[in-house]
Amino acid sequence: MQSRFFLGLICSTLMVLSIQSAKAEELRDYQAKDFSYLLNMKGCDQQMLKNHFILYQGYVAQTNLLLKNLAALRELGKERTLEYGALKRRLGWEFNGMRLHEWYFENLGGVGSPRMAPSLVLEIAKQFGSFNSWKQDFIATGMMRGIGWVVLYKDNLTGKMFNEWIQEHDVGNIMFANAILVMDVWEHAYMIQYGLNREEYISYFFAHIDWGVVEKRFNPGK
């Protein structure tokens with residue numbers, strides 16, 4: 001009887017540990033967010049946006065895969081191999097690709113009214129001279145040759161704000177700074193609808209910014 005009891009207890013314990021392990025694994029996995037509501041934006045090319053969602057989902061999948069592969073190599077004691085180093089370097093590129101797309105999609109879907117971000121607009125005017133001066137600089141940054149992102153950053157240490165160019169996903173990010181507004185300027189973000197006319201795409205982007213979301217990033221406590 002005792003042996004059956006202990007056998008049952010061991011089986012129950014193993015089952016609990018298995019469930020806990022599965023839950024922990026699930027928590028470690030990043031989940032792609034649903035941005036399909038953006039398909040309702042006036043004048044958007046829905047197929048272009050659907051393609052963009054698929055690309056974003058790929059970054060989520062690759063981030064999860066890299067994290068699992070890195071963990072597997074650590075289990076094998078292969079942290080100092082060339083393979084581990086290559087995967088570790090790749091992780092920042094895939095992870096940033098995931099996060100930048102999320103913040104880009106999240107600050108879209110609005111009506112493009114800066115009135116929804118009163119405290120941010122006041123701070124922008126204070127630092128750049130006027131809201132229009134900041135906007136012109138943001139657009140000029142977006143018109144730079146190359147592929148990447150434009151991000152309005154706020155330095156957490158000084159409060160200073162920058163319009164920064166991010167090369168691809170991982171070169172140009174500012175340390176200890178919050179991303180306030182994110183714009184994708186890779187070709188897949190606009191070429192199907194706008195061809196080589198990036199400036200027209202940027203105008204469309206500004207017309208659909210959700211400034212309420214941007215304001216919350218600037219003042220997360222409000």
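Which one is surrounded by the fewest Cβ atoms within 10 Å (Cβ to Cβ), of the residues in segment 138-173 that are touching a residue at least 40 places away in the same chain (Cβ under 8 Å) and in a helix (DSSP H, G or I)?
The extreme case among them is I139.
Got a sec? Which of D170, D184 is modelled with pLDDT under 95, touching a Phe, Trp or Tyr at 6+ places or on another chain (Cβ under 6 Å) and within 16 Å of H101 (Cβ to Cβ)?
Numbers: D184 fails: modelled with pLDDT under 95.
Every option except D170 fails the conditions.
Can you confirm whether A32 is at pLDDT 95 or above, within 14 Å of H101 (Cβ to Cβ) and in a loop (DSSP other than H, G, I, E, B)?
yes
Could you list, in sequence order, all residues of segment 69-82 that are assigned to a helix (DSSP H, G or I) and within 22 Å of D29 (Cβ to Cβ)? Spell out the reasoning first.
Here is the first cut: in segment 69-82, the ones assigned to a helix (DSSP H, G or I) are 69-75, 82.
The answer is N69, L70, A71, A72, L73, R74, E75.
For residues in segment 104-137 being among the small types (G, A, S) and either touching a Ser or Thr at 6+ places or on another chain (Cβ under 6 Å) or part of a loop (DSSP other than H, G, I, E, B) (or both), which is nearest to N178 (Cα to Cα)?
So, considering only residues that are among the small types (G, A, S) and either touching a Ser or Thr at 6+ places or on another chain (Cβ under 6 Å) or part of a loop (DSSP other than H, G, I, E, B) (or both), the one nearest to N178 (Cα to Cα) is A117.
Against the conditions (1) among the hydrophobic types (A, V, I, L, M, F, W, C); (2) under 24 Å from K126 (Cβ atoms); (3) assigned to a loop (DSSP other than H, G, I, E, B), where does L196 fall short? Just the number, please.
If we test L196 against (1) among the hydrophobic types (A, V, I, L, M, F, W, C); (2) under 24 Å from K126 (Cβ atoms); (3) assigned to a loop (DSSP other than H, G, I, E, B), just (2) comes out false.
Which members of segment 174-209 meet the condition of being among the charged types (D, E, K, R) and surrounded by fewer than 21 Cβ atoms within 10 Å (Cβ to Cβ)?
E187, R198, E199, E200
Which numbered condition in (1) among the small types (G, A, S); (2) free of Cβ contacts under 8 Å to residues at least 40 places away in the same chain; (3) closer than 24 Å to K33 by Cβ is the only one that G129 fails?
(3)
Just to be sure I understand the filter: pairs with C-beta atoms under 6 Å, separated by 6 or more residues or on different chains, first member in segment 70-95 and within 24 Å of G58 (Cα to Cα), second member acidic (D, E) and surrounded by 11 or more Cβ atoms within 10 Å (Cβ to Cβ). Which pairs pass?
The qualifying pairs are G92/D170; W93/D170.
Given the criteria of a type in the set (A, V, I, L, M, F, W, C) and touching a His at 6+ places or on another chain (Cβ under 9 Å), does W211 qualify?
Against the criterion (of a type in the set (A, V, I, L, M, F, W, C) and touching a His at 6+ places or on another chain (Cβ under 9 Å)), W211 does not qualify.
The values are calculated or read from the model by the stated rules, or taken from the named source; none is laboratory data. Please read all numbers here as calculations on a predicted model, not as lab measurements. Here the Cβ is made from the backbone with ideal geometry for all residues, glycine too, and neighbour counts use every protein chain on show.
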